[in-house]
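One structure below.
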Amino acid sequence: MGRCLAAAGIYPEDTRDENGSDRFHHFHPTEQLVMYKDPFARKNAYYPPLKGANNFSPQMIGFHHLSPYEMRVFDYFLYKLKRRAS
């Protein structure tokens, strides 16, 4: 696939933020949280996964493998839930 894209003049680009946190996630969030422990992921990732929540950029764009219900829950927690002052 990479060769086909390159033949069309399309090349990969680093989409991580300035801290090295990922904006696009190809795994479920629960898997992303522990990805840094996975020897296969560490060995095969172009950029090594960061530990825990550091793997998630504040400018996060997407997750893969979410059910419609989980999408609604994440939408609520990320964009609608307001923190109360203590």
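Quick note: the coordinates plus some simple rules give every number you see, no bench work behind them. Please read these numbers as outputs of a predicted model, since none were measured by experiment. For neighbour counting, all protein chains shown are included, and Cβ atoms are generated from backbone atoms with ideal geometry for every residue, glycine included.
Observations on the structure shown:
- Shown in residue order for segment 59-72 are the 3J(HN,Hα) couplings computed by the Karplus curve 6.51 cos²θ - 1.76 cosθ + 1.60 at θ = phi - 60°: 9, 3, 10, x, 10, 10, 6, 9, 6, x, 4, 4, 4, 5 Hz (x for Gly and Pro).
- Exposed loop positions in the chain were taken to be trypsin sites (Lys or Arg not before Pro) whose DSSP state is not H, G, I, E or B and which have at most 10 other beta-carbon atoms within 10 angstrom. Between these positions, the longest stretch is 1-81.
- Value of relative contact order over the chain, rounded to a whole percent, pairs C-alpha under 8 Å and six or more apart: 29
- Most mobile listed residue (Pro29, Pro58, Pro49) in the chain, GNM with C-alpha springs under 10 Å: Pro58
- Of Glu31, Glu13, Glu70, the one that fluctuates the most in a GNM where the chain has Cα springs shorter than 10 Å: Glu13
- Helix-derived mean residue ellipticity, 222 nm - over the chain, DSSP H n ≥ 4, -39500 (n - 2.57), to 500: -7000 deg cm²/dmol
- Global geometry of the chain, whether rounded, prolate or oblate, following the gyration tensor of its Cα atoms and the 1.5 cut on a/c: prolate
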